[in-house]
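First up is the structure itself, then whatever we jot down about it.
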Amino acid sequence: MLLNPVILVFVFLFGMSPLHADENVETPVKLEGGTIVAPAQVMKWMDSKEPIFILDVRRPSHYEESHLPAARHIFVTRLDEHLGKVPKTGKVVIYSDGPNGWKSYRAAENLIGKGWKNIYWMREGVYGWKAAGYPLSR
């Protein structure tokens, strides 16, 4: 049986099957080793001035268009190159577009797999943030 070389390259580069890359397939509702948080919880942490690291893993153009206040940007495919920028202590909130955005799920899995214990995945992403009426920065 011959395997499609395009699929093999995709899986090698992105660490996921093409099915998971489909933006029409929702991400899981559970994150092993991490915690799923709603935009309201992230906003509470921000309002309380609690130290949190907010990580946007979307494409650079999406980040430049709008992002959560104080969010840092590392595109998901560049995360391994920039692990030193992600703190190992304190809360790390990761987000991408929304429930169909696999980037943040993969980034959260990646950090958990590398030993981070403080990962909070905002599954609803920037879409959920906007829907809740919270501010965005440019």
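None of the figures in this text is laboratory data; all of them are computed from the coordinates on show. Nothing here was measured: the structure is a model prediction, and the numbers come from that model. Positions of Cβ are backbone-derived with ideal geometry, glycine not excepted, and every protein chain shown enters the neighbour counts.
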Can you tell me which condition Ile119 does not meet? The list is (1) crowded, with 19+ Cβ neighbours inside 10 Å; (2) free of Cβ contacts under 8 Å to residues at least 40 places away in the same chain; (3) not hydroxyl-bearing (Ser, Thr, Tyr), and all the others hold. (2)
Restricting the search to the stretch 36-52, which residues are under 23 Å from Gly133 (Cβ atoms) and loosely packed, with under 14 Cβ neighbours inside 10 Å? Ala40, Lys44, Asp47, Ser48, Lys49, Glu50
Any residue in the stretch 72-80 that is touching a residue at least 40 places away in the same chain (Cβ under 8 Å), out of contact with any His (no Cβ under 6 Å at 6 or more places or on another chain), buried (at least 20 other Cβ atoms within 10 Å of the Cβ) and among the hydrophobic types (A, V, I, L, M, F, W, C)? no
Filter the stretch 89-99 for residues that are surrounded by 14 or more Cβ atoms within 10 Å (Cβ to Cβ) and out of contact with any strand residue (DSSP E or B) (no Cβ under 8 Å at 6 or more places or on another chain) and give the result. Asp97, Gly98, Pro99
Test: Val92 is under 21 Å from Pro28 (Cα atoms), in contact (Cβ under 8 Å) with a residue 40 or more places away in the chain and under 11 Å from the mean Cα position of the chain (by Cα): yes
